[in-house]
Amino acid sequence: MSEQLRFIVEQLNREPFKKSFNLITFDSLDPMQLLQILNDVLAEIDPKHAMDIREELPEQTIKRMCALLGMLKYKPPGNPSDVSSFRQGLVSGSTPVVHPILHWLLQRLPELKKRAYLARFLVKLEVPAEFLQDDVINDTSHQDIGAMEEEKDQLIKRVDRLKKRLFQAEQRLQRAKQQLKDLRQAAADANPESLMKRMEEEIKINSYMVSEKLPKELEAMRRSVQYLQKISSRLSDQSADRERMMRSDPMDDKLTLYRQQASIIMRRKESKAEELQEAREELASAERDLRGRSQAQDSEGGEIIRTDELKRLVGKLRGKSVMHKKKRQEVSELRAEYGVLQRTEEILKQRHETVQHKLQTMEAEKGISGYSDTQEELERVSAIKSELDEKKGRTLDDMSEMEVKALRDDTSQEENRYHYINSMSEVIEKQIQRAAEEMKAYVSSDPQEKKKAIREVYMKNISEQELLGKKLREKQKLVRESHAANMEQMKLWSDLHTLMEAKRQSFIQSQSQTSIGRVIQEGARTGWCCEG
């Protein structure tokens, strides 16, 4: 509490309040003075509250302060549901209620000033209920509210986009910092043994990529190009008896099966190689982390790594090592299996070549040389053509769906526009009808009918309010003029009351002394009589 009080006094003694309080003088302020200080702080936040609270009823003062505190999002300490006690404490100027408010306001004065400034543009204007009965005013009010809600939604979306961009920028910054940290750590760990080991691993991986993976991908692309070229050159040469010539070759089916198995093995090998590389990178990162911690421990001379943390790191390294060995074993098995399949493929290719040679000899003897080649090529052409037809069909379906979607969107927009124009037309017709009725009532010679015009109603309300304001100003003027005399008269009555109270006390005291004297005299007289 003393720290809170000291902070309040320091802030009030500074700009813009320029008070000259100390802890004793501030703590000895009466409730009215304390409420005036609170009002001065609120007036600094919102200039509309700059006034002398003695010229305002207490109920109005508390209502005004509570409204501003609610707009500033102030939450009283203690039980939030006990609002009546908070208002009662504010009415009486209780220090347990006013001091926390002052402390909260003075802590965030610039922020609250900005919030109060913006609040005047964000607070919803309350339109009197009798005005909302007018269709024009009601429609205008709803249109304004709708426009403000739309602007609010747009601002929320814009803030969300900015937050998303900020989050992405922070992620990029974190990644860049991590990369910089890794590079620095790698530079710190740059000894000949680790560099050689790292270079050997990179050479193995690059050799695998250059000698096996990339050539196969390139060869597959070349085969696809060749197939497409053959398709374009031989589509016009298909014979009418293609279906009769198409038959399946058992040896070709076996080769296809083994090729599929070899392809599956190669994909598994590539996947395991990538997993092995990731495991190596994680293991190297963990080792660098461990070496960095060890170096930090040696340089600082203190025990940085706790026992449980060291055990956890050792367990993690062991797990990585076991995983590394397991992956290496799987890669070795895959390589052995790949070697077996590669040898099997070579044997089958030799058999296939032998069968093909015999088949070509038989075709030459029968006078149908090139029959098998034409059949194989037609099968490939048929498969590729089917694939192209399927892709073409999907493309046409996608294009049709896109055109239909665009037409549906256009139709929906036109329907919305039609409904909007229709609604606006009805609104304008009602406005025109209302204006005609207003003009008819205004120019009418019938006094009763003329009184129904909105202009007459507004003019009457304005006149009444001006008359009421004039009476209130006159009343205020009389109160101000008689304030000094009333205060002087109240002081005279207070002095008279003090004087009468003093006389009453003096009279009571003299009566008491007289009674005591009589008792003494009677006692003395009684004593004398007893002696006689």
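The values are calculated or read from the model by the stated rules, or taken from the named source; none is laboratory data. Treat the numbers as computed from the prediction; the structure is a model and nothing was measured. Cβ sites come from the backbone with ideal geometry, for glycine too, and all protein chains shown count toward neighbours. The protein model used for the area step is the full one, side chains on, heavy atoms only, and it has no ligands, DNA or RNA in it. Shrake-Rupley method; radii C 1.70, N 1.55, O 1.52, S 1.80 Å.
Couple of notes before you dig in:
- Contact order relative to length of the range 3-123, as percent, for alpha carbon pairs under 8 angstrom and 6 or more apart: 33 percent
- Fraction of alpha-carbon pairs over 22 Å apart in the range 3-123 - percent: 32 percent
- Backbone N under 13 Å from the Gln476 label point (7 Å along Cα→Cβ), restricted to the range 26-58: 51-52, 55-57
- Whole-number accessible area per residue in Å² for the range 3-123, which is evaluated in the context of all protein chains at 1.4 Å: 60 Å²
- Protein heavy-atom surface of the range 306-369, 1.4 angstrom probe: 53% of the accessible area is carbon and sulfur, with nucleic acids and ligands not counted.
- Taking all protein chains as shown and a probe of 1.4 angstrom, Thr25 keeps an accessible surface of around 50 Å².
- Whole-number accessible area per residue in Å² for the range 394-435, which is evaluated in the context of all protein chains at 1.4 Å: 94 Å²
- Estimated translational diffusion coefficient (Stokes-Einstein, Kirkwood radius over Cα pairs, 20 °C, 1.002 mPa s) of the range 83-179: 114 µm² per second.
- Of the listed residues His142, His352, the order by accessible area with a 1.4 Å probe, largest first, is His142, His352.
- Expected-Rg normalisation [2.2 N^0.38 Å, Cα atoms] applied to the range 306-369: 2.51
- Per residue, the accessible area of the range 306-369 comes to 79 Å² when a 1.4 Å probe rolls over the protein heavy atoms.
- Restraint check, Lys430/Lys471; Lys75/Lys471; Lys216/Lys391; Lys213/Lys349; Lys114/Lys477, Cα-Cα greater than 32 Å: Lys430/Lys471; Lys75/Lys471; Lys114/Lys477
- In sequence order, calculated HN-Hα J values of the range 407-422 (Karplus, 6.51, -1.76, 1.60; Hz; x Gly/Pro): 5, 5, 4, 4, 4, 5, 5, 5, 5, 4, 5, 4, 4, 5, 5, 5
- Label-point gap, in nm, between Lys163 and Ala220 - each point 7 angstrom along Cα→Cβ: 4.4 nm
- Rounded FRET efficiency, nearest 0.05, which uses the C-beta distance separating Val443 from His142 and R0 of 45 Å: 0.90
- Simple spin-label estimate for Arg504 and Arg380 in nanometres, 7 Å along Cα-Cβ: 12.7 nm
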